[in-house]
Amino acid sequence: MLKVGLTGGIGAGKSEVSRLLVACGAVLIDADRIAREVVAPGTPGLASVVEAFGEEILAADGSLDRPRLGAIVFSDAEKLSTLNSIVHPLVGARSRELEEAAAQDAVVLHDVPLLTENGLAPLYDLVIVVDAAPETQLDRLVRLRGMTEEDARARMAAQATREQRREIADIVIDNDVPLEELEQRVKDVWAELVRRSQAPRPSPAE
């Protein structure tokens, strides 16, 4: 099994690269999706969040009101830390379960938006960073996601810098290119991942 961490700045095209790698045969473990699952209605995770923040963070249907919770935690570092202390261990446990269920010869792709920020690179056999110029990111966020330029710049500024992401990368996929070219780049990366997954590993004693 080859454990691969995938990350990239907002608007860099990480989701597209993830989709293409899955199409090639990667087993995807999506941290964002798991983070939503572990606080779904009826879960112990949601019960813990309600215990910490009160029932006002619930929507009318009993699900988590994410905008309301976000307004609470992103303006208070201590509350954000409290939320992370609840959610992150649950995400980690579920990710390990999914990883253990994958085939022994699988290329397991961990899609982790905050991989750089949370210092998670050592958890993976290698790290792929999807990179794009800040101007490209800004254009995609405004034109494709409908963000205001101010909001887009704020979201970009809240993340790790482009340089910090590239520092932890074993493989960088430059995504200032048309989709057809990106598809070929991803196929080349996939061939490298398969090669690495099949290479003999040194034993712990070596």
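The values are calculated or read from the model by the stated rules, or taken from the named source; none is laboratory data. Just so we're clear, the structure is a prediction, and the values are computed from it rather than from any experiment. In this analysis, Cβ positions are derived from the backbone assuming ideal geometry, glycine residues included, and neighbour counts consider all displayed protein chains. Side chains included, ligands, DNA and RNA excluded: accessible areas come from the protein's heavy atoms. Shrake-Rupley method; radii C 1.70, N 1.55, O 1.52, S 1.80 Å.
Worth a mention:
- For the stretch 113-129, the set of residues classified as touching a residue at least 12 places away in the same chain (Cβ under 8 Å) and in a helix (DSSP H, G or I) consists of Ala121, Leu123, listed by residue number.
- Output for the stretch 52-102, where each listed residue is small (Gly, Ala, Ser) and touching a strand residue (DSSP E or B) at 6+ places or on another chain (Cβ under 8 Å): Ser95, Ala102
- Taking first residues from the stretch 39-62 that are closer than 16 Å to Pro89 by Cα and partners that are of a type in the set (Asp, Glu) and open to solvent by 60 Å² or more (accessible area, probe 1.4 Å), the Cβ contacts under 8 Å between residues at least 6 apart in sequence or on separate chains come to Thr43/Glu37.
- Any hit, the stretch 130-143, residues being part of a loop (DSSP other than H, G, I, E, B), β-branched (Val, Ile, Thr) and surrounded by fewer than 18 Cβ atoms within 10 Å (Cβ to Cβ): no
- Some residue of the stretch 94-112 being in contact with a helix residue (DSSP H, G or I) (Cβ under 9 Å, 6 or more places away or on another chain), crowded, with 16+ Cβ neighbours inside 10 Å, assigned to a loop (DSSP other than H, G, I, E, B) and not polar (S, T, N, Q): yes
- Filtering the stretch 1-38 to residues that are of a type in the set (Asp, Glu) and under 14 Å from the mean Cα position of the chain (by Cα) leaves Glu16, Asp30, Asp32.
- Counted residues, the stretch 155-175 - those being open to solvent by less than 80 Å² (accessible area, probe 1.4 Å) and either in contact (Cβ under 8 Å) with a residue 24 or more places away in the chain or in a strand (DSSP E or B) (or both): 12
- Residue under evaluation Asn118, criteria (1) under 14 Å from the mean Cα position of the chain (by Cα); (2) open to solvent by 20 Å² or more (accessible area, probe 1.4 Å); (3) modelled with pLDDT of 90 or more, criterion not met: (3)
- Filtered residues of the stretch 72-93 (kept if among the hydrophobic types (A, V, I, L, M, F, W, C), without any contact (Cβ under 8 Å) to a residue 40 or more places away in the chain and either open to solvent by less than 70 Å² (accessible area, probe 1.4 Å) or part of a loop (DSSP other than H, G, I, E, B) (or both)): Ile72, Val73, Phe74, Leu80, Leu83, Ala93
- Among the residues making up the stretch 84-103, those that are of a type outside the set (Ser, Thr, Tyr) and more than 15 Å from Thr43 (Cα to Cα) are Asn84, Gly92, Arg96, Glu97, Leu98, Glu99, Glu100, Ala101, Ala102, Ala103.
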